[in-house]
Amino acid sequence: MRVARLGRGAVLGLLLAVHAVAAFEPITVGIAIGAATALTGYLSYTDLYCRFAECCREKQPLNASALKLELEEKLFGQHLATEVILKALTGFKNNKNPKKPLTLSLHGWAGTGKNFVSQIVAEHLHSKGLRSNFVHLFVSTLHFPHEQQIKLYQDQLQGWIRGNVSTCASSVFIFDEMDKLHPGVIDAIKPFLDYYEQVDGVSYRKAIFIFLSNAGGDLITKIALDFWRAGRKREDIQLKDLEPVLSVGVFNNKHSGLWHSGLIDRNLIDYFIPFLPLEYRHVKMCVRAEMRARGSAIDEDIVTRVADEMTFFPKSEKIYSDKGCKTVQSRLDFH
């Protein structure tokens, strides 16, 4: 009995030790877990390790129903983005042997939901989302600011992606502010997005790359406005109405980050996903969602006042919010 109690106490002590050191050093964690596993006899090393340290679960299936529900509940006015992202991710994650990484390029004006969607996607692919060791966010103006250092950035980018995919095959890479990225930088990752089984001994086929850009927002708005003026619903807009225009427009736009890029030339971007400009009703939805997120009761008077403070375009019709929902949080602070 004393031995049994001692054994249980030792296991508990080791488990606590694992929890304490998990944030510091993987080898120490491994030693502690190994000892705990030997004592318990029934917990596997991997199971126990992954309770206290983040693991790359390459074969973990995507909960498509949960992703669909969250996109439908939290992303407003973006029927195309919701549909395409859901189908693209589900198909890719269900494919046990993809021929290339999944590459998505999200386009639209600021405040339409591109960053928000990338955050949701990251959380459904890796539980810690943007805080995960396996999700990597690059911001053009922060990580690649100087035009004269393009070659350095290309080398650094290749090394960073190679190292992280070697650690976790299902790594996610998000490139924000692509419209501010110096032309040529992104072409450094072209070999990783192509149809190669391996590049220098590393397979990139299970990785996911997401580009976020304001480039093409004018093209998207023009088509959305044409539909509105013709008396057609925005929900009638289909991907085929926008994707060809987007790919050509971005390829020929010097401020897109993808200007004359080999990624487009080689058809390595799987989907160009348009984010439509938001209407007055969508802004009100954003205000209500922010109120719920703050734990506040929905006050329709405040919802209307916040929405009315936004500016809309074109000047004659005033249909679309020129900042989407981007300033909803700050404006709500005043009410």
### Query
When the residues of the stretch 183-194 are filtered to those that are open to solvent by 30 Å² or more (accessible area, probe 1.4 Å) and touching a residue at least 40 places away in the same chain (Cβ under 8 Å), which remaining residue is nearest to Gly217 (Cα to Cα)?
Pro183
### Query
Out of the stretch 280-327, which residues are assigned to a loop (DSSP other than H, G, I, E, B) and either under 20 Å from Glu72 (Cβ atoms) or open to solvent by less than 40 Å² (accessible area, probe 1.4 Å) (or both)?
Ile298, Met310, Pro314, Ile319, Gly324, Cys325, Thr327
### Query
Of all residues in the stretch 208-233 being of a type in the set (D, E, K, R) and within 15 Å of Gly108 (Cα to Cα), which is least open to solvent (accessible area, probe 1.4 Å)?
Asp218
### Query
Taking only pairs six or more apart or across chains, which ones have beta-carbon atoms under 7 Å, a first residue in the stretch 285-296 that is not assigned by the TED database to the domain that holds Glu73, and a second residue that is outside any helix (DSSP H, G or I)?
Met285/Phe76; Cys286/Phe76; Cys286/Cys325; Arg288/Ile298; Met291/Ile298
### Task
Specify the residue that is modelled with the highest pLDDT; the eligible residues are those in the stretch 69-113 that are assigned to a helix (DSSP H, G or I) and in contact with a Ser or Thr (Cβ under 8 Å, 6 or more places away or on another chain).
Leu71
### Query
For the subset of the stretch 137-169 comprising residues that are touching a residue at least 60 places away in the same chain (Cβ under 8 Å) and surrounded by fewer than 19 Cβ atoms within 10 Å (Cβ to Cβ), which member is nearest to Ser213 (Cα to Cα)?
Ala169
### Scan of the stretch 58-82 for residues that are touching a residue at least 60 places away in the same chain (Cβ under 8 Å), charged (D, E, K, R) and in contact with a helix residue (DSSP H, G or I) (Cβ under 8 Å, 6 or more places away or on another chain), ordered by number
Lys74
### Message
Out of everything in the stretch 125-135 that is in contact with a helix residue (DSSP H, G or I) (Cβ under 6 Å, 6 or more places away or on another chain) and at negative phi, what residue ends up being least open to solvent (accessible area, probe 1.4 Å)?
### Response
Val135
### Message
Looking at Asp200 and the list (1) open to solvent by less than 10 Å² (accessible area, probe 1.4 Å); (2) over 30 Å from Val328 (Cα atoms), which single condition is not satisfied?
### Response
(1)
#### Entry: Any hit, the stretch 270-279, residues being open to solvent by 30 Å² or more (accessible area, probe 1.4 Å) and within 30 Å of Lys100 (Cβ to Cβ)
yes
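The values are calculated or read from the model by the stated rules, or taken from the named source; none is laboratory data. Just so we're clear, the structure is a prediction, and the values are computed from it rather than from any experiment. Ideal geometry is used to build each Cβ from the backbone, glycine not excepted, and the neighbour counts take in all protein chains shown. These area figures cover heavy atoms from the full protein model, side chains too; ligands, DNA and RNA do not enter into them. Shrake-Rupley method; radii C 1.70, N 1.55, O 1.52, S 1.80 Å.
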